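Student: Pasting a structure here, questions to come.
Taken together, the values in this text are just the output of simple stated rules run on the coordinates, not laboratory data. What you are looking at is a predicted structure, and each value in this text was computed from that prediction instead of being measured. Methodologically, a virtual Cβ is constructed for each residue, glycine included, from the backbone with ideal geometry; neighbour enumeration extends over all protein chains shown.
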Amino acid sequence: MKLKSYIFQIALAAAGAGFLGSCEDMLTPESVYVLDADKNHLVNSADTANSLVGIIYKLQAIGDRTNLLGEVRSDLVSLRTSAPKDLHELANFEVSDENKYNSPKDYYAIINNCNYYLANADKNAFDIGGNRIFEKEMAQVRSIRAWTYLQLALNYGRVPFYTTPVITEQDANKILESGETKDILGICDYFINDLKPYVNVKFPQLHVVGSIFMGQCFFPIDMVLGDLYLWKASIEGNQAMYREAAKSYMKWIATSENLGDSRSKTKYSLPSTTISWEKLTGASNVSSLSMYMTYSGEYSAPSGYGDVFTIIPMDSASSQGYFSEVRGFYNSPTTLMGGSEEANLAFDKTKDFCIIPSQRIQQISKSQEYYYIDKKTGRHEEIVLDENWKDYEGDLRLPNIWSSASRNVTENGMATTKQFQTITKTNSRNITIYRKTDAWLRLAEALNNGGFPRMAYAILATGFSKEVIEDSIYTYCNTSDLAYLEAFINENADGDYSLKNFHCRNGIITDESANSLTNMPYYGYGIHSRGSGYAEKNPNYAYPMVDTLKADGSLVDGYQGDRVAWAYEHMATEQAAVDSMIINEAIFETCFEGKRYYDLIRFAKRYHNPEWVAGNVSRRLGEENQDGALYGKLLDERNWFMSWGGQIGLK
C-alpha cells in the first residue's frame with residue numbers, strides 16, 4: 001500500500017508476545033517518519049525540512065526530564081513534601097522502572113528518527129554550484145543524535161547503541177542480538193568522529209514554525225562537539241582533548257551567521273550585564289538595590305537570538321501533549337504573584353510549586369563577597385548590609401531570579417496563609433539547553449585543564465583585553481604553549497573579532513570611561529562580576545595561590561624567580577583552585593537549568609573522587625546538615641545512574 005508523500009508517524013505492532021523480549025518498550029520502532037514505502041525517501045527540500053522539524057519536536061518527550069534529572073538530583077534544590085512521588089524518587093536516588101522520568105524509549109525514539117533520516121536523505125543531491133542540497137539538515141540531525149545519546153549515557157551510565165534505523169521486527173532483533181553497548185567514553189569517541197567532518201556546515205534556515213523560531217532549536221555542532229571533547233578529556237585526563245574542547249567552544253563563540261527572518265547569531269563578547277548596588281545620593285552606605293540590568297529577559301527564551309541560543313520547544317497549553325510541568329514545579333501561578341489571567345492559564349491550578357532553592361545554594365550565595373567601588377572617591381570596599389537587606393547578602397544573581405513570600409488568600413471561602421514562589425529563569429514554557437554563559441564557562445573549564453589556568457581565570461575575574469592576555473597570561477607560558485595560545489586566540493580573529501578589539505574595564509568606573517568602553521565591539525568583564533560587583537578588584541578573588549592585591553587594588557605578583565618555571569611547577573595546584581572557582585561560578589549562572597548534577601559527575605571523574613557528588617548532594621540542607629545515608633549511597637558510582645528493566649544502566 002502506498003503512503004501519502006507527507007511526513008507522518010507509524011508504530012509497528014508487536015508480532016507476537018515474544019517481540020523484542022524484555023526490551024520491548026525501549027526499542028519498539030515507534031514514530032519513524034517515512035514517505036512513500038516503495039520510493040526513495042527524503043528526496044526534496046520540503047521533505048528534509050519537515051522531517052528535521054519533526055525530529056526537533058520529538059525532543060519534547062525528554063524536555064522536562066532534561067531539566068529535572070539534572071537539577072532534582074543535584075545539591076542546589078530541595079523538594080517540598082507536596083512534590084510528586086516520581087520527583088522524590090529522583091532526589092533520593094531510588095528510581096523505579098515505573099518512574100515517569102525513567103523512560104529510555106523516549107530517547108531511542110529520537111535516535112531512531114535521526115537514524116532513519118540519515119539513512120534515507122539523498123546524500124548525492126547537489127545544486128548547480130556543486131553543494132550537497134541536504135548537508136545542513138543532515139549535519140543538524142547528526143548533532144541532535146549525538147546530544148541525545150550523550151544525555152542517555154549521562155543518565156544511565158551504559159546504553160544499547162545502534163546507528164541504523166529500526167523499521168522492522170528483524171531490525172530490532174538484530175540490535176538486541178548484537179548486544180552492543182557504550183558508556184560515556186564510548187559515546188564521546190564515536191560521535192567526535194561522527195561530527196568532526198561537519199564543523200563548518202552552516203545552520204539550515206527553517207524560519208518560524210507556529211510561534212517558534214526554529215533557529216533557536218538547533219544544536220550547534222561546535223557546542224556539542226565541545227561537550228564530547230570535555231567529557232572525554234575529563235574521564236581520560238587527556239590534556240590534548242581539553243584543548244580540542246576549548247577550540248570547539250571558542251569557534252562557536254567567534255561564529256557569526258545569518259539565520260534568516262532578519263535574525264542572526266553574532267560573535268559573543270564576555271558578559272556585560274550585571275545586577276549591582278548603587279548608593280542613594282548623600283547616603284553613607286549602600287541602602288538601595290538597583291537591578292537595572294536584570295536577567296529575566298535572558299533566562300526566558302527570547303523571540304530573537306539572545307542569551308539563550310538552544311531550546312527544546314514545548315507546547316503552550318496544558319491540554320496539549322507535551323506541555324511542560326517544569327514551570328509549575330518551580331513557580332506559583334502567575335496571577336497569584338501579580339501576573340495576568342492569560343499567563344495563568346499555563347498553570348495547573350490544582351498543583352502548587354514543589355521545587356525550592358536548597359539551603360546549600362543559599363549559603364553559597366550569601367558567602368560570596370560583593371565588592372563595591374565608590375564612583376566619587378574610587379575607594380574599593382566590600383558591601384556591608386544592615387538587617388533590612390540581609391536577604392541580599394553576597395552574590396546578587398540568586399535573589400534577582402528568586403522571590404518567595406507568604407500571603408493571605410481565600411480558598412473555598414476560607415482565609416488561609418499560603419507560600420508563593422517565582423524563579424524567573426524557569427518561568428518559560430520552553431526548556432533551556434544552551435546559553436552564552438554556558439559556552440564561556442565550559443571554555444574556561446577546558447582552558448584551565450588544558451594547561452592555561454590564568455586564561456580561564458581571566459574569563460571569571462577580569463575579562464579579556466590585549467593587556468590582560470599579554471601581561472597576565474603570555475608571560476607565564478613556555479614556548480610551545482605560547483604558540484598554541486596565540487594560534488587559539490588568532491584562529492577566529494577575523495575582522496572586528498581581533499584581540500585589539502577586546503576590552504575590559506579593569507576597575508575603571510567613571511561614567512565617561514564606562515560609556516567609551518561599552519561602545520567598543522567586544523567589551524566585557526569577568527563572569528563573577530555579573531552578581532558580585534568589581535571582582536577584578538576584590539582582594540579575595542585574586543588569582544589563587546600566588547597573587548595578592550594592595551589596598552588600592554593594584555596587583556602584587558606572588559611568583560618568585562623564573563615565573564614560567566614557577567607556573568609549571570605549581571600548575572596542578574593552580575588548576576584545581578581555578579576549577580573550584582569555575583564550578584562555583586556555574587552555580588549562580590546555570591542553577592535551576594538542569595546542568596548542576598552532570599557538572600558534579602564530570603568533576604568527580606576528572607579528580608577520581610566521588611566526594612564531588614556524594615559530598616555536595618548530601619548537603620542540600622546546608623553544610624552542617626549532611627545526610628549520612630545519602631552520602632554513603634553516592635560514594636558508589638553505580639548509584640549515580642538510573643537503570644531500567646535490567647537492560648540498561650550499570651546495575
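Student: Using alpha-carbon positions, what is the distance between the centroids of the stretch 389-420 and the stretch 189-237, in Å?
Tutor: Centre-to-centre (Cα) distance: 39 Å.
Student: I need Val468, Val409, Val141 ordered by Cβ neighbour count within 10 Å, fewest first. Kindly include the intermediate steps, with their values, before the conclusion.
Tutor: On the way: Val468 22, Val409 12, Val141 25.
So the ranking, lowest neighbour count to highest, is Val409, Val468, Val141.
Student: Would you pull out the residues with amide H under 5 Å of Phe309's amide H, same chain only if 5 or more places away, H placed 1.01 Å from N?
Tutor: Here Tyr434, Arg435, Lys436 satisfy the definition.
Student: Right, here's the next one. Which GluC sites (Glu not before Pro) from the stretch 164-268 combine a DSSP loop assignment with at most 14 other Cβ atoms within 10 Å?
Tutor: Working: sites: Glu169, Glu177, Glu180, Glu236, Glu244, Glu257; in loops: Glu180.
When the GluC sites (Glu not before Pro) of the stretch 164-268 are filtered for loop state and at most 14 Cβ neighbours within 10 Å, Glu180 remain.
Student: Another question, then. What length, rounded to one decimal in nm, is gained on full extension from Ala576 through to Met414, with 0.36 nm per residue of separation minus their alpha-carbon distance?
Tutor: Values: separation 162, 0.36 × 162 = 58.32 nm, distance 5.62 nm.
Full-extension gain reported as 52.7 nm.
Student: Can you give the FRET efficiency for Glu180 and Asp562, using 1/(1 + (r/R0)^6), R0 = 51 Å, r = Cβ-Cβ distance, to the nearest 0.05?
Tutor: So, using R0 = 51 Å, E works out to roughly 0.45.
Student: Please list 3J(HN,Hα) in residue order for the stretch 525-538, calculated via the Karplus relation 6.51 cos²θ - 1.76 cosθ + 1.60 where θ = phi - 60°; whole Hz, with x for glycine and proline.
Tutor: Couplings: 8, x, 4, 4, 6, 4, x, 10, x, 8, 4, 5, 10, 7 Hz.
Student: Still on this model: Can you compute the modelled spin-label distance between Glu486 and Ser367, with each label point 7 Å from Cα toward Cβ, in nm?
Tutor: 4.2
Student: How far apart, in nm, are two points set 7 Å out from the Cα along the Cα-to-Cβ line at Glu624 and at Gln205?
Tutor: 6.1
Student: Still on this structure, please answer the following. Once the other residues with Cβ under 12 Å from the Cβ of Arg619 are scored (Lys, Arg +1; Asp, Glu -1), what is the net sum?
Tutor: -3
Student: Neighbour counts of other C-beta atoms within 10 Å: give me Trp566, Trp402 arranged from fewest to most. Kindly include the intermediate steps, with their values, before the conclusion.
Tutor: Numbers: Trp566 15, Trp402 22.
Fewest-to-most ranking of Trp566, Trp402: Trp566, Trp402.
Student: Could you give each residue of the stretch 419-424 its phi-based ³J(HN,Hα) in whole Hz, using Karplus coefficients 6.51, -1.76, 1.60 with θ = phi - 60°, and x for Gly or Pro?
Tutor: 8, 10, 8, 10, 10, 4
Student: Quick one: grab the alpha carbon gyration tensor of the stretch 420-467, order the square roots of its eigenvalues as a ≥ b ≥ c, and give me rounded if a/c is under 1.5, else prolate or oblate depending on whether a/b is larger than b/c.
Tutor: Working: a/c = 3.24, a/b = 2.44, b/c = 1.33.
Here the stretch 420-467 falls in the prolate category.
Student: In the structure shown, do any of Lys202/Lys247; Lys267/Lys436; Lys251/Lys595; Lys182/Lys605; Lys247/Lys267; Lys100/Lys605 have a Cα-Cα gap over 20 Å, and if so which?
Tutor: On the way: Lys202/Lys247 17 Å; Lys267/Lys436 10 Å; Lys251/Lys595 22 Å; Lys182/Lys605 17 Å; Lys247/Lys267 15 Å; Lys100/Lys605 28 Å.
Pairs exceeding the cut-off: Lys251/Lys595; Lys100/Lys605.
Student: Which far-off residues, 5 or more places away or on another chain, put their amide H under 5 Å from the one on Gln368, with H placed in the peptide plane?
Tutor: Asp395
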